[in-house]
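Values in this text are rule-based calculations from the coordinates and carry no lab data. Model, not experiment: these values are computed from the prediction. All Cβ positions, even for glycine, are placed from backbone atoms using ideal geometry, and neighbour counts span all protein chains on display.
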Amino acid sequence: MNYDSLFMRLPGISPQEFAYLQSATTGLNEQQLQSFLMIYSEKRKNEENMLIFCVIGLVLLPGLQRFITGQIGMGILYLVTAGLCFIGSIIDLVNYKNLANEYNHKMVFESLQLIKMGGF
């Protein structure tokens, strides 16, 4: 089976994410890889969606992008300070790809831990 084609089924996958997934899943058998992809595909955020979250965070709900990525403390701080006076929200808007990649790296680690523990 061609593992590369499994990764390419993820919507909006970037070359960096593709390379990271290839290296992170080295050594998994076919069943483990399919279980990993099932778990990871539910958790990951693609870059286009993160861009939308950042725009909404800038104009409607400050900190939305931080809440979505599980950074609750930062989300509350953005909410209370109007996105750190819009500066933090603008920085997040410019760096939306980094936000998505950092979040997805955490989700790769969590998904691999579930697979290795035998949870799936």
Compute the distribution of all C-alpha to C-alpha distances in the chain, in bins of 5 Å from 0, and list the percent of pairs in each, rounded to whole numbers.
-> 2, 12, 21, 19, 14, 11, 9, 7, 3, 1, 0
For Thr81, Thr69, Thr26, what's the fewest-to-most ordering of other Cβ within 10 Å of each Cβ?
-> Thr26, Thr81, Thr69
May I ask you to derive the FRET efficiency for Ser5 and Ile76 from their Cβ-Cβ distance with R0 = 41 Å, giving the value to the nearest 0.05?
-> 0.50
Footprinting proxy, Asp4, Asp92: sorted fewest to most Cβ within 10 Å, the residues are Asp4, Asp92
Between Gly75, Gly12, Gly57, find the one with the highest GNM mean-square fluctuation for the chain; connect C-alpha pairs within less than 10 Å.
-> Gly12
Given a cut-off of under 8 Å on Cα pairs at least six residues apart, what relative contact order in percent is computed for the chain?
-> 28
For Ile90 and Ala24, FRET efficiency with R0 = 30 Å and r from the beta-carbon atoms, rounded to 0.05?
-> 0.40
Would you compute, from DSSP H runs of 4+ residues alone, the mean residue ellipticity of the chain at 222 nm, taking -39500 (n - 2.57) per run and dividing by the full residue count, rounded to the nearest 500?
-> -22000 deg cm²/dmol
Going by how many other Cβ atoms sit within 10 Å of their own, how do Met117, Met50, Met107 line up, fewest first?
-> Met117, Met107, Met50
Specify whether the C-alpha gyration tensor of region 51-120 places it in the rounded, prolate or oblate class, a ≥ b ≥ c being the square roots of the eigenvalues: rounded for a/c under 1.5, otherwise prolate if a/b is larger than b/c and oblate if not.
-> prolate
Looking at the chain, do any whole DSSP H helices span at least 15 angstrom along their long axis by alpha carbon and average 1.0 or above on Kyte-Doolittle, and which?
-> 47-59
